[in-house]
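Undergrad: Sharing a structure with you now.
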Amino acid sequence: MRNPTRINRFLKVLVVTLLIGQAALFSSVAQAQSGPVKVEWLGWSFYRFTSPTGKVILTNPFITGNPDAAVKLEEVGKPDLILVTDAHRDEVGDAVAIAKASGAKIITPSFEFGTVLAGWGVPDAQVMRRNPGGRFTWEGITIRVVGAVHGSAATDPSSKFPLYGGIAAGFVVTFENGYTVYFMGSSAATQDMALWAELYKPDAMIFLMSGFTEPLDVGTAIKLVAGKSPNLKTLIPHHHRVTPPAGALSVADVRAVLDSMGIRIPITDPVRKQVYELAK
Amino acid sequence: MRNPTRINRFLKVLVVTLLIGQAALFSSVAQAQSGPVKVEWLGWSFYRFTSPTGKVILTNPFITGNPDAAVKLEEVGKPDLILVTDAHRDEVGDAVAIAKASGAKIITPSFEFGTVLAGWGVPDAQVMRRNPGGRFTWEGITIRVVGAVHGSAATDPSSKFPLYGGIAAGFVVTFENGYTVYFMGSSAATQDMALWAELYKPDAMIFLMSGFTEPLDVGTAIKLVAGKSPNLKTLIPHHHRVTPPAGALSVADVRAVLDSMGIRIPITDPVRKQVYELAK
Amino acid sequence: MRNPTRINRFLKVLVVTLLIGQAALFSSVAQAQSGPVKVEWLGWSFYRFTSPTGKVILTNPFITGNPDAAVKLEEVGKPDLILVTDAHRDEVGDAVAIAKASGAKIITPSFEFGTVLAGWGVPDAQVMRRNPGGRFTWEGITIRVVGAVHGSAATDPSSKFPLYGGIAAGFVVTFENGYTVYFMGSSAATQDMALWAELYKPDAMIFLMSGFTEPLDVGTAIKLVAGKSPNLKTLIPHHHRVTPPAGALSVADVRAVLDSMGIRIPITDPVRKQVYELAK
């Protein structure tokens with residue numbers, strides 16, 4: 001019988017150690033000078049990638065208020081880039097504090113979020129204003145901003161109402177060695193995912209596993225990408241609790257819908273702070 | 001010659017009676033315990049569905065300020081669910097007052113509209129925050145939130161400018177007996193409609209017939225859905241006046257564009273407050 | 001060898017004269033009573049069309065603060081219509097001042113931008129509130145508003161944060177003689193571009209050449225349109241500097257990506273204030 005959470009053969013788990021409170025170790029991982037792309041799940045939508053040449057990229061670094069946060073703010077160290085998929089509080093997370101402390105650059109989902117970040121005091125030189133359709137290249141890494149069907153309100157103490165943060169996005173990250181990850185953000189399935197898959201041929205897809213997501217919707221998102229990217233061998237969920245509450249979408253649910261669609265790509269159910277190696 | 005407004009053979013008109021001012025009767029309809037899905041047009045985008053087991057679902061309950069409103073606020077009774085496709089005043093309508101008076105739950109087009117509703121004092125337990133790609137299930141009824149290409153500003157007395165209400169949506173409602181209705185909201189045609197049609201196979205589509213809508217656009221929306229849902233047998237317009245002003249899009253215009261596209265599905269031009277039965 | 005900027009054979013350059021400071025001449029162009037569609041690039045996304053019967057349509061009339069503005073505000077004359085693709089400062093440009101001075105009508109990308117314009121004091125009779133999927137017809141000219149994947153925040157002195165301006169759009173303009181131009185605004189590529197191309201069969205496409213645009217993305221946008229509109233013979237960039245800075249997307253970059261996709265349609269690299277004639 002299929003084990004929906006069995007470890008992908010394309011991933012070799014490196015349980016380096018339990019890293020709680022050991023910022024120095026994170027730092028050493030970040031400085032590795034060669035090897036595959038490494039990724040750790042740090043809770044909710046917060047992933048940390050370490051590139052083959054040691055660059056560190058965070059997604060949606062949600063720590064404060066995240067019951068599953070696997071690191072403390074002071075343990076984040078010095079990332080190079082932070083990708084934020086929309087202005088929602090759980091996606092922005094602690095990006096502002098981390099950027100201010102580390103000098104990391106934030107790649108915006110759309111121009112407007114850059115204005116929000118400026119309003120929150122992030123130095124302009126660290127705000128890489130991009131829009132869907134745009135590109136950011138740095139040190140051999142290419143990041144494409146792609147669309148997402150999702151809202152993007154920021155939370156600001158100055159109002160009880162939603163503050164417009166532009167439009168939401170996903171990111172396609174191509175590392176120095178060509179390995180490509182599509183992080184879909186909080187998007188509903190959209191046909192445009194097939195376009196991006198055809199253009200950028202992702203090897204891995206980090207898909208939305210939000211509690212209320214319709215399984216057929218996320219299954220369709222994966223199907224659209226898999227249909228155009230023969231490279232797609234790795235699926236990883238985000239936006240979920242370590243122990244999803246009753247009724248929330250689970251890895252088993254996504255596995256079942258993919259099976260019903262004839263999609264056999266394994267799903268990696270990540271263990272927090274384990275270091276997974278991603279390779280073609 | 002085709003009569004563009006002839007009554008669909010899949011709809012059997014039950015002219016129960018003229019219900020003006022007779023809230024008790026609405027209530028009895030709402031409590032019917034079996035039978036097909038029933039639907040009444042109450043003006044503009046305001047539809048009232050009664051499910052096979054008697055659950056009452058409203059769409060965009062626009063009464064105050066709606067010159068074609070077929071019911072008064074005090075006649076609405078006790079709906080179970082209210083679907084609001086975006087934060088525009090004519091779509092929100094009296095949803096807040098109805099929810100407060102009845103305890104009905106409001107399904108949001110996106111998370112942000114929940115924040116707007118909270119700002120307007122709707123109790124949190126009645127705000128079902130969903131996003132496109134999300135699902136709400138209750139008592140055998142499944143509601144999928146799907147995308148819509150449309151803005152979603154709320155009107156708030158605190159500003160003369162638009163208040164961000166998230167992104168707009170459509171809804172796909174599957175009743176206890178499997179009958180499925182796609183309410184497209186105010187969306188432009190988008191290829192994603194074909195995705196939703198393929199996934200959920202709607203039996204009926206409530207399409208946008210806004211005054212300024214390009215006929216080819218709404219024809220394309222219907223074509224995209226019909227092309228992927230062989231079940232689609234019923235088309236009903238919304239967002240129109242009882243007597244459209246000169247130049248506004250009419251049922252005859254939509255009929256003509258569908259004919260030009262080879263789509264023969266009849267359009268039901270609803271009479272306000274008539275009860276239509278929907279069955280496969 | 002291909003010259004990426006060679007002049008399209010479908011365009012006959014009429015270097016009428018250098019028009020700097022000669023508002024009277026603009027006026028005479030605008031009053032021409034017959035002939036082909038004429039178009040002039042006035043810097044950034046600012047184009048001026050003169051229709052076969054002499055109607056003048058501006059796109060995104062960005063003068064104040066535009067280092068490449070080819071006209072002064074007082075030289076704009078009396079346009080009939082202004083198309084604004086989103087609420088960003090460089091797209092709105094001087095639309096409000098021009099509308100107030102000239103009586104020109106502004107076609108909005110979505111309803112909300114009409115509210116913004118009203119907030120800025122544009123008389124209601126000049127604000128043509130449209131949404132994607134909508135249509136504006138006037139004097140034999142048909143303008144379809146179509147979607148765009150882009151944010152749409154307005155800048156207002158009352159806040160340091162983005163002001164929601166609705167959703168962004170593109171425009172498809174069909175002139176009196178049937179010649180059709182698709183102005184894509186600042187959109188990322190989306191499959192819906194194929195829908196619009198199929199419906200409206202544009203003869204020309206004014207595509208996004210923003211500094212940070214991924215070449216594959218804009219190439220895909222053009223490919224989607226070319227694939228469904230056999231009429232497409234003319235490509236013109238917008239949203240670029242006269243001399244793009246190092247690293248910014250250039251006509252040569254777009255030419256290279258189109259060549260790699262097998263698309264041979266020539267790109268016209270417009271010279272500011274030259275009058276180009278557009279004909280089938």
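Undergrad: Just give me the residues in the range C:229-239 being in contact with an Asp or Glu (Cβ under 9 Å, 6 or more places away or on another chain) and either outside any strand (DSSP E or B) or small (Gly, Ala, Ser) (or both), in sequence order.
TA: Once the filter is applied, which keeps residues that are in contact with an Asp or Glu (Cβ under 9 Å, 6 or more places away or on another chain) and either outside any strand (DSSP E or B) or small (Gly, Ala, Ser) (or both), the range C:229-239 yields C:SER229, C:ASN231, C:LEU232, C:LYS233, C:HIS239.
Undergrad: Among the numbered conditions (1) over 30 Å from B:SER158 (Cβ atoms); (2) more than 10 Å from chain A (Cβ to nearest Cβ); (3) free of Cβ contacts under 8 Å to residues at least 24 places away in the same chain, tell me where C:VAL173 comes up short.
TA: (3)
Undergrad: Using the structure shown, decide if C:PHE161 is open to solvent by 10 Å² or more (accessible area, probe 1.4 Å) and either away from every other protein chain (no Cβ under 11 Å) or in a loop (DSSP other than H, G, I, E, B) (or both).
TA: Yes: the conditions hold for C:PHE161.
Undergrad: Right, next: Within the range A:181-192, restricting attention to residues that are within 11 Å of chain B (Cβ to nearest Cβ) and outside any loop (DSSP other than H, G, I, E, B), which residue is surrounded by the most Cβ atoms within 10 Å (Cβ to Cβ)?
TA: Taking the candidates together, the pick is A:ALA188.
Undergrad: Within the range C:193-221, restricting attention to residues that are acidic (Asp, Glu) and either more than 14 Å from chain A (Cβ to nearest Cβ) or surrounded by fewer than 24 Cβ atoms within 10 Å (Cβ to Cβ) (or both), which residue is nearest to C:ILE267 (Cα to Cα)?
TA: Here the residue is C:ASP203.
Undergrad: Here's a follow-up. Could you say whether any residue in the range C:222-230 is under 23 Å from C:ARG89 (Cα atoms) and either surrounded by fewer than 21 Cβ atoms within 10 Å (Cβ to Cβ) or in contact with a Ser or Thr (Cβ under 9 Å, 6 or more places away or on another chain) (or both)?
TA: No: zero hits.
Undergrad: Still on this structure, I have one more. Of the residues that sit in the range B:140-158 and are small (Gly, Ala, Ser) and either in a strand (DSSP E or B) or modelled with pLDDT of 95 or more (or both), which one is farthest from A:VAL218 (Cα to Cα)?
TA: Of everything passing the filter in the range B:140-158, B:ALA154 is farthest from A:VAL218 (Cα to Cα).
Undergrad: Condition first: closer than 21 Å to B:VAL39 by Cβ, at pLDDT 95 or above and assigned to a helix (DSSP H, G or I). Can you find one or more residues in the range B:101-116 that meet it?
TA: Within the range B:101-116, one or more residues are closer than 21 Å to B:VAL39 by Cβ, at pLDDT 95 or above and assigned to a helix (DSSP H, G or I).
Undergrad: Any residue in the range C:165-174 that is in contact with a His (Cβ under 7 Å, 6 or more places away or on another chain) and either open to solvent by less than 10 Å² (accessible area, probe 1.4 Å) or closer than 28 Å to C:ALA279 by Cβ (or both)?
TA: yes
Undergrad: Of a type in the set (A, V, I, L, M, F, W, C), crowded, with 22+ Cβ neighbours inside 10 Å and away from chain B (no Cβ under 14 Å), is that true of C:ALA95?
TA: Yes; evaluated as a whole, the condition is true for this residue.
Undergrad: Please give the number of the condition B:ASN66 fails out of (1) in contact with a helix residue (DSSP H, G or I) (Cβ under 7 Å, 6 or more places away or on another chain); (2) surrounded by 18 or more Cβ atoms within 10 Å (Cβ to Cβ); (3) of a type outside the set (Phe, Trp, Tyr).
TA: Answer for B:ASN66: the failing condition is (1).
Undergrad: Can you pull out the residues in the range B:185-212 that are of a type in the set (Val, Ile, Thr) and within 23 Å of B:GLU40 (Cα to Cα)?
TA: If the condition is that a residue be of a type in the set (Val, Ile, Thr) and within 23 Å of B:GLU40 (Cα to Cα), then B:ILE206 is the only one that fits.
A quick yes/no check of all residues on (1) open to solvent by 20 Å² or more (accessible area, probe 1.4 Å); (2) within 14 Å of chain A (Cβ to nearest Cβ):
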residue	(1), (2)
B:ALA87	no, yes
B:SER102	yes, no
B:ILE106	no, no
B:SER110	no, yes
B:LEU117	no, yes
B:ILE143	no, yes
B:ALA154	no, yes
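Undergrad: Still on this model: For the range A:259-280, give me each residue that is part of a loop (DSSP other than H, G, I, E, B), touching a Ser or Thr at 6+ places or on another chain (Cβ under 8 Å) and either basic (Lys, Arg) or touching a residue at least 60 places away in the same chain (Cβ under 8 Å) (or both).
TA: A:PRO266, A:THR268, A:ASP269
Undergrad: Can you tell which of B:ALA252, B:ALA226, B:ALA256, B:ALA248 is of a type in the set (Gly, Ala, Ser) and either in contact with a helix residue (DSSP H, G or I) (Cβ under 7 Å, 6 or more places away or on another chain) or not in a helix (DSSP H, G or I) (or both)?
TA: Testing whether each residue is of a type in the set (Gly, Ala, Ser) and either in contact with a helix residue (DSSP H, G or I) (Cβ under 7 Å, 6 or more places away or on another chain) or not in a helix (DSSP H, G or I) (or both) leaves just B:ALA248.
Undergrad: Is there a residue being of a type outside the set (A, V, I, L, M) and farther than 14 Å from C:ALA87 by Cα anywhere in the range C:115-122?
TA: The answer is yes, given that some residue of the range C:115-122 is of a type outside the set (A, V, I, L, M) and farther than 14 Å from C:ALA87 by Cα.
Undergrad: Determine if the range C:137-151 includes at least one residue that is over 30 Å from C:ASN231 (Cβ atoms) and in contact (Cβ under 8 Å) with a residue 12 or more places away in the chain.
TA: yes
Undergrad: Is it the case, given these coordinates, that C:VAL242 is under 25 Å from C:VAL275 (Cβ atoms), open to solvent by 20 Å² or more (accessible area, probe 1.4 Å) and at pLDDT 95 or above?
TA: yes
Undergrad: Let me ask something else. Looking at this structure, is C:GLY178 in contact with a His (Cβ under 8 Å, 6 or more places away or on another chain) and more than 8 Å from chain A (Cβ to nearest Cβ)?
TA: In short, no.
Undergrad: Separate question: Can you tell me how many residues within the range C:122-138 are open to solvent by 20 Å² or more (accessible area, probe 1.4 Å), within 11 Å of chain B (Cβ to nearest Cβ) and either assigned to a strand (DSSP E or B) or modelled with pLDDT under 95 (or both)?
TA: Final tally of qualifying residues: 3.
The values are calculated or read from the model by the stated rules, or taken from the named source; none is laboratory data. Here the structure is a predicted model, which means the values were calculated and not measured. With ideal geometry, Cβ positions are generated from the backbone for all residues, glycine too; neighbour counts draw on all protein chains shown. The accessibility values were calculated without ligands, DNA or RNA, using every heavy atom of the protein model including side chains. Shrake-Rupley method; radii C 1.70, N 1.55, O 1.52, S 1.80 Å.
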